[in-house]
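Values quoted throughout were computed directly from the atomic coordinates according to the rules given, and no laboratory measurement underlies them. Note that the structure is a prediction, hence the values are computed from the model and not measured. For neighbour counting, all protein chains shown are included, and Cβ atoms are generated from backbone atoms with ideal geometry for every residue, glycine included.
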Amino acid sequence: MPWTLTVREGPRTRRERFDTVDAAVDALEIRLAALRPRARRASTQALTRTYTPGQQVAARGEIAGPNRLVARWRAGADLRGDGSVEAYTGRLQRTVVARQQGESPYDALRRTLRERGAGG
């Protein structure tokens with residue numbers, strides 16, 4: 001199974017493998033939806049900066065694949081402390097995936113991965 005989904009919530013990490021990127025994105029959507037009720041965060045302050053709930057990541061799901069020594073594609077979604085979801089590509093340098101009108105973050109992620117040739 002060439003695609004790996006890793007979901008992190010606090011200290012807990014869960015990994016699953018899928019045959020296709022579409023199956024991995026579907027599972028990502030289901031896992032983050034299940035975590036949404038626990039995602040709510042209050043504003044917090046660190047040193048002189050205040051972080052709003054929308055700036056805090058409550059859970060992160062990352063898709064990597066196809067599995068080789070080093071995965072060619074890395075993308076995922078962050079579940080924010082206000083309950084919103086933001087899709088991204090990349091690993092160390094994450095780029096937010098722009099959504100088109102009427103598109104969910106997961107649809108935008110699927111579209112972006114297909115456009116970049118990561119389908120399969």
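A few remarks follow.
- For trypsin sites (Lys or Arg not before Pro), the sites in the range 1-54 that DSSP calls loop and that have at most 16 other Cβ atoms within 10 Å are 40.
- What you get for the chain, charging only the Cβ of Lys and Arg (+1) and of Asp and Glu (-1), is a dipole of about 420 debye around the Cα centre.
- The chain: translational diffusion in µm²/s, Stokes-Einstein, Kirkwood Rh over Cα pairs, 4 °C, 1.567 mPa s: 88 µm²/s
- Footprinting exposure proxy ranking of 57, 85, fewest other C-beta atoms within 10 angstrom first, gives 57, 85.
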